[in-house]
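Notes to accompany the following structure.
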Amino acid sequence: MALKKAKKEQGQDDLYPLVPLRDVVIFPSMGTAILVGRQPSVNAVERAIERDKILLVVTQKSPAVNEPEPKDLYSVGCITRIGLFFRLPDGTIKVMLEGLERVRIKEYVEMDNYLAGRIEPLVDEIADSKKVEVLTRRVEAMFTDYVRMNPRIPNEVLLTVQSVEERAAMADTVAAHLLVKNKIKQKMLEAEDLIERFMLLSKILKEEVQLLEVEKDIEEKVHQQVQKSQKELFLHEKIKTIKRELGEGDDFDEIRELSRKVRKARMSKEADRVARKELGRLKLMNPMTPEATVVRNYIETLVGLPWRRRTNDNLDLDQVKEMLDADHYGLTKVKDRVLEFLAVVKLVGKLKGPILCFVGPPGVGKTSLGRSIADALGRKFVRVSLGGTKDEAEIRGHRRTYIGSIPGRIVQSISKAGTKNPVFLLDEIDKLGADFRGDPAAALLEVLDPEQNKHFSDHYLEVDYDVSEVMFITTANVIYSIPPALKDRMEIIRLPGYLLHEKIAIAQKFLLPKQKKQHGIQENQLKMSMNTLKEIVQMYTRESGVRNLERELASICRKVAKKLASGKKVSTVSITKRNLESYLGVPRYSESEIDEKLSIGVATGLAWTEVGGEILNIEATLMPGKGELIITGQLGEVMQESAKIALSFARNKARLLTLPSDFFGSIDVHVHVPEGAIPKDGPSAGVAMSTALISAFFDIPVRRDVAMTGEVTLRGKILPIGGINEKSVAALRAGVKTLLLPKGNEKNIKELPEEVRKSMKIIIVETMEDVLSHALSKKLDWGVEHRRELGGFFGEQSGNPAN
């Protein structure tokens, strides 16, 4: 070999000047020109030229390393012979190298001013000459395909490969011309077994050919698409020219059609100016560009809005009242508010649309009432559900700088309605969210402000649009989750839950006829008395609205329809209290929610939730312990504070008992509000908690037909609370006979439903002494000491009958 010959002739040892290479791997039989600029490398080249022009080159593991150390170099390199070399003015040397032999570096040696390496040659191992021949032919064929498909490799390379007779040299030549990463080339350089080297080459060539095929396929598709677009554009322009020559351009020209729509839209001055400006831009654009599509859609949105179109209100107050009564039972306050609005419009001629907020539990008809109001007024009706909305752009729209931008839901819905004065229902406004995309509730401030919504600005339109004539109606289950600024802009109208006689009337007049019609049942084919409806309401539903009642009636109608369609001779089906169980199953509820037995440490409280009023059976019990207060029932922070205040009041009153001084340090007090899976909060349970604790301390049962609500202070004063309507309806539904209300809520009694005022005894209380005088089964004389034996103190506690 060339290396052995050089060593023999000159008596050299196996130590050679070394040059690290940044971004190239040199193979034997390969000629390469490199530029040497780093001073140690320049010194190594100069030393090699002085000796015998034999230079060791090794590739760096990372080209980013400027001063490589032995750990930064691969262990296998190539011995090369320096051919031509040129010294450049900046001190660098351009060197032409010829690869001689692959070698392994046994040791790196630091010379005076350059790096050298002690080497050992790597000998090609050939185990099976036939297998090598087969692999050689395969690699040669694959490399031919690779060169023909890759425009970056000249075809002359094929002639070079075909002229090489030695198999090892042919493998090195192919590897040197592959356009792959240096790590892969280094792996091929390090392969000592020739068969292994050919197998590696075959695998790499196969992968590269597949990639080139995919790349070629993509380029062909892109080229075809470009040709198609250019062809369509050419034909489009040609058709336009032909039509213009024939005088047919006015009928088919899209620009002229848009111009006509702009003239007929009767937009505001600002909107008309913007539309004409955008139309001028569109005329100068290529119609096939994306920008032209954006401008065209914007103009179509502007001209599609009802700038002047409005419906005439039905000002016949008697007819409107009749239509509202036909659709909804009761709801007098809401109907009166609509009639008041119409009366003012009739007298004044024009009025800004009111902004009403219907607040009530689910199923009382808030959403359907909005549609009925639109029908009665003769207006269009649109509805947008705000539940879960977290993006401000849902209200105000997206700016046109974004791809796929559209107007907000306010503008979209008004455009869909086709008139500028529809009834617009914003459903579930209490369930708005907010995140990094903005606060929709803040965006609604402008929409729902009568002083601002004449100039509502949508981000997409970028011009003012007048929504002051829209009658906005919002719905909510609760108002505490509505931001104060938004709540201040709306007129709150509360819809309390329905009473028993109202539910029966609604079922008789609306729900049952509707279900009969939907299930194909004739009027005389299903009979149901008022007593049966009452049984369904009391024994199978327990709600503020009528949704579950409608489901139960639908269930009955399905079973009746099955009977009528079965082929049996059944002409009429009567549903009575006796056979009701066969249609709806076992009754789910009892007539009363409260336990009629007297109990110690159990008081009946009232709560106001998203689903209406609810009964709370608050329990208190005492047990040996360390003076701790245990609170259970998933209570919120405010309710837990109410329990602590109630305990402090009860302990203060319990001083009237003759008890040991360390008594309260030796007991635990447990307060529980049943239905522990449901979160509860608010201060209005303070009165009931105090009553339950006093009952437990003094061993006096609480009357179970008495319900109470109110916030209590440490001194026993009762403070007013909210939700009186909903709580009183829930108390009546549960079978309560006496209702205790705070003095501060006395003014609300006149607003309670008449049936509530007639059916229950309502007592006004100012202090806990007033509450206990009506709630406890035995009068408690605060001036007399009450003696109790410690042994019996834990004997009769919460839940145990007193008799």
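Per residue of the chain, the DSSP helices (runs of n ≥ 4 H) give a summed -39500 (n - 2.57) that works out to -13000 deg cm²/dmol at 222 nm. Pairs of Cα atoms nearer than 8 Å and 6+ residues apart set the relative contact order; for the stretch 352-463 it is 34 percent.
The long axis of helix 254-265 is offset from the longest Cα principal axis of the chain by roughly 20 degrees.
If you line up the long axis of helix 686-698 against the longest principal axis of the chain, both from Cα atoms, how many degrees apart are they, to the nearest 10? Computed tilt is about 70 degrees.
A 1.4 Å probe run over the stretch 496-563, with the rest of the protein chains in place, finds 47 Å² accessible per residue. Among beta bridges identified by DSSP and lying wholly in the chain, the antiparallel ones come to about 55 percent.
On a 32 Å Cα-Cα criterion, which of the cross-link pairs 238/264; 431/514; 758/778; 487/761; 431/761; 94/183 come out too long? 487/761; 431/761, as the Cα separations exceed 32 Å there. Taking all C-alpha pairs of the stretch 62-209, those more than 21 Å from each other amount to 54 percent. Once the Cα atoms are used to define both axes, helix 290-304 deviates from the longest principal axis of the chain by about 20 degrees. For the peptides 202-210, 155-163, 681-689, 410-418, residues were scored by their other Cβ atoms within 10 Å and the scores averaged per peptide; the highest-first order is 681-689, 410-418, 202-210, 155-163. Averaged over its residues, the stretch 665-773 has an accessible area of 38 Å² per residue, based on protein heavy atoms and a 1.4 Å probe. Charge tally around residue 318: other residues with Cβ under 15 Å, Lys/Arg +1 each, Asp/Glu -1 each, net -3. Listed values for the stretch 138-148 are Karplus-derived 3J(HN,Hα) couplings in whole Hz (6.51 cos²θ - 1.76 cosθ + 1.60, θ = phi - 60°), namely 5, 5, 4, 5, 5, 5, 4, 4, 4, 5, 5, and x replaces Gly and Pro. Modelled spin labels at residue 626 and residue 527, positioned 7 Å past Cα toward Cβ, are 7.1 nm from each other.
What does the net charge come to around residue 29 if you take all other residues with beta carbon closer than 11 Å to its beta carbon, with K and R at +1 and D and E at -1?
So the surrounding residues net to -3.
Dividing the Cα radius of gyration of the stretch 678-735 by 2.2 N^0.38 Å, with N the residue count, gives 1.21. Remark: relative contact order (the chain) = 8 percent; criterion is Cα-Cα distance under 8 angstrom and separation of 6 or more residues.
By the Kirkwood approach, averaging reciprocal distances over each pair of separate Cα atoms, the chain gets a hydrodynamic radius of 36.7 Å. Of all aspartates and glutamates in the structure, the ones whose alpha carbon falls short of 13 Å from that of residue 366, not counting any fewer than 8 places away in one chain, are 327, 427, 428. Might you tell me the accessible area per residue for the stretch 446-495, computed with a 1.4 Å probe and given in Å²? With all protein chains present, the stretch 446-495 gives 37 Å² per residue.
In whole percent, how big is the carbon plus sulfur part of the accessible area of the chain, probe 1.4 Å, protein atoms only? About 50 percent, which is the carbon plus sulfur part of the accessible surface. Backbone phi angles across the stretch 773-778, fed through the Karplus curve with coefficients 6.51, -1.76 and 1.60 (θ = phi - 60°), yield HN-Hα couplings of 5, 9, 8, 7, 6, 10 Hz in residue order; Gly and Pro are listed as x. Placing dummy labels 7 Å off each Cα toward the beta-carbon, the span from residue 558 to residue 401 is 5.4 nm.
The values are calculated or read from the model by the stated rules, or taken from the named source; none is laboratory data. All figures in this text were calculated on a predicted structure; none of them were measured in a lab. Cβ: placed from backbone, ideal geometry, glycine included. Neighbour counts: every protein chain shown. Please note that ligands, DNA and RNA were not included when accessible areas were found on the heavy atoms of the full protein model with its side chains. Shrake-Rupley method; radii C 1.70, N 1.55, O 1.52, S 1.80 Å.
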